[in-house]
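Q: I have a structure I would like to understand better, so I am pasting it below and will then ask my questions one at a time.
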Amino acid sequence: MLIELFPGTSFEEIEALIKRFRKMGFHVVRQGSLRLALVTGVDSLVVMDDFKCLPHIANVSPLTSRYKLASRQCREEDTIIDIKGVKIGGKNLLVVAGPCSVESRAQLEACAKVAKETGAQALRGGAYKPRTSPYEFQGMGMEGIHFISEVAKEYGLLSISEVMDIDQAKAASPFIDVLQIGARNVQNYSLLKELGKLPNPILLKRGFATTYQELLMAAEYIMVGGNPNVILCERGIRTFETYTRNTLDLNSVPALQELTHLPIVVDPSHGTGVRSLVPVMARAAVAAGASGILVEMHPDPDKSISDAAQTLSFDTFSKMMGEVNAIHRVMQTFK
Ligand code: PEP
Ligand code: MN
């Protein structure tokens, strides 16, 4: 349920109301200066008329979707997540770049240098790798987490790395700025609930077969757990097409922007799986209005331990950055 307060309601009066609602068992989130969202699992039992009689309350309306805190209805303005001065969401453009897997400190250093020089703000690299075959490289684990944490700090970049379970999330949390939840774990609800308790913003990837609704309800699990900082990531879905690894669904950018206030970034690397297609689809993502892109690159792409076929060279990445920035500048001129 959404509660609008009368203009002029003081800070103390709002705090007292929030306290009162929390005592009643509601999860209360402030959405703007005069707006409170109250969410509960038993919405239907709530008699909204009772709330209208309380002081300072101008209007009460139901939050009708199955996700609530994530909905545009709940919060009209875009959520902007500020991490160490990097603003993520709305018209800002976040560029996340780096290897698929953390392989060595030297590999990360080389990627970080190019990322920084070309204007990217975040360094990615998987230390816990969700590999389809158990015989393939499973990642460097905590050693890799320390490498990405240290190298990102050294270059003034944010660090982003995937975690696959609760123990990994808790272990990586103090070292990594943004925890990534991959396509295979987007509906791992016990993990999502725990992420709600962590201080790190979460980059939540769409699954191979996740609808927009399901993605938003996955985000809701994290948000209602107490963590409002969720970045959604379109990374392609599985279709009958086999030429590309996945089908990058760019419909999701404007569609999700209608449904949610959360930032939406696009991963054209996993979305295509084909190196030659990545820069074009990165450009298309920015033209579609995405708040960022996530791109895999490597000092020697053919030697990438994982996802070599979709990994860009530094030269291709740098050229792509010029193009993407040019499109972003044009986008800024649109309303
Ligand atoms: C990744 O980003 O390296 C990754 C494994 O992505 P996804 O979960 O989208 O497959
Ligand atoms: Mn990858």
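Q: What whole-number value in Å² describes the accessible area per residue of the range 241-322 for a 1.4 Å probe? The partial results should precede the final answer.
A: Values: 2920 Å² over 82 residues.
Heavy-atom SASA per residue in the range 241-322 reads 36 Å².
Q: Now for a different question. At 1.4 Å probe size, with every protein chain present, just tell me what the per residue accessible area of the range 71-181 comes to in Å².
A: So the range 71-181 comes to 39 Å² accessible per residue, rounded to a whole number.
Q: Please report the accessible area of Lys170 (heavy atoms, 1.4 Å probe, ligands and nucleic acids excluded) in Å², nearest 10.
A: 110
Q: Give Lys68/Lys193; Lys19/Lys193; Lys91/Lys335 a once-over and call out the pairs whose C-alpha atoms are over 19 Å from each other.
A: Lys19/Lys193
Q: Let me ask something else. Considering only Val280, Val114, Ala255, whose Cα is most displaced toward the positive end of the charge dipole of the chain, charges sitting on Cβ of Lys, Arg (+1) and Asp, Glu (-1)?
A: Of Val280, Val114, Ala255, it is Ala255.
Q: Taking the highest mean first, how do the peptides 211-219, 257-265 order by number of other beta carbon atoms within 10 angstrom per residue?
A: 257-265, 211-219
Q: While we're here: Calculated from DSSP H runs of 4 or more alone, at -39500 (n - 2.57) each and per residue, what is the 222 nm mean residue ellipticity of the chain, nearest 500?
A: That comes out to -10000 deg cm²/dmol.
Q: Sticking with this structure for a sec: Take the Cα coordinates of the chain, assign each an equal point scatterer, and use the Debye formula without solvent to give log10 I(q)/I(0) at q = 0.15 Å⁻¹.
A: With one equal scatterer per Cα and no solvent, log10 I(q)/I(0) is -1.19.
Q: Name the long-range amide H neighbours of Asn59: under 5 Å, sequence gap of 5 or more, or other chain; modelled H, no Pro or chain starts.
A: Glu4
Q: Skipping prolines and chain starts, which residues have an amide H placed within reach, meaning under 5 Å, of the one on Met297, given they are 5 or more residues away or on another chain?
A: Those lying under 5 Å, H to H, from Met297 are Gly98, Cys100, Leu312.
Q: Further question on the same structure: Which order, highest average first, do 234-242, 117-125 follow once you tally other Cβ atoms within 10 Å for each residue and take the mean per peptide?
A: Most protected by this proxy first, the peptides run 117-125, 234-242.
Q: Hey, can you rank 318-324, 160-166 by average C-beta count inside 10 Å, highest first?
A: Output ranking for 318-324, 160-166: 160-166, 318-324.
Q: Expressed as a whole percentage, what fraction of the accessible surface of the range 99-232 belongs to carbon and sulfur atoms when a 1.4 Å probe is rolled over the protein heavy atoms? Please list the in-between numbers first.
A: Working: 2700 of 4930 Å².
The C+S portion of the solvent-accessible surface of the range 99-232 is 55 percent.
Q: Past 20 Å, Cα to Cα: identify those pairs from Lys153/Lys197; Lys170/Lys197; Lys129/Lys153; Lys205/Lys303; Lys129/Lys197; Lys113/Lys319, in the order given.
A: Lys153/Lys197; Lys129/Lys153; Lys205/Lys303; Lys129/Lys197
Q: I'd like the distance separating the alpha-carbon centroids of the range 185-243 and the range 99-168, in whole Å.
A: 20
Q: Next up: Could you please report the charge total around Thr210, scoring K, R as +1 and D, E as -1 over all other residues with beta-carbon less than 12 angstrom from its beta-carbon?
A: Numbers: positive: Arg184, Lys205, Arg206, Arg235, Arg238; negative: Glu214, Glu234, Asp249.
Around Thr210, the surrounding residues sum to +2.
The values are calculated or read from the model by the stated rules, or taken from the named source; none is laboratory data. Since we're looking at a predicted model, the values are computed, not measured. Cβ coordinates were reconstructed from backbone atoms using ideal geometry, including for glycine residues, and neighbour counts include every protein chain displayed. When the accessible area is computed, the model is the full protein with side chains, heavy atoms only, and any ligands, DNA or RNA have been set aside. Shrake-Rupley method; radii C 1.70, N 1.55, O 1.52, S 1.80 Å.
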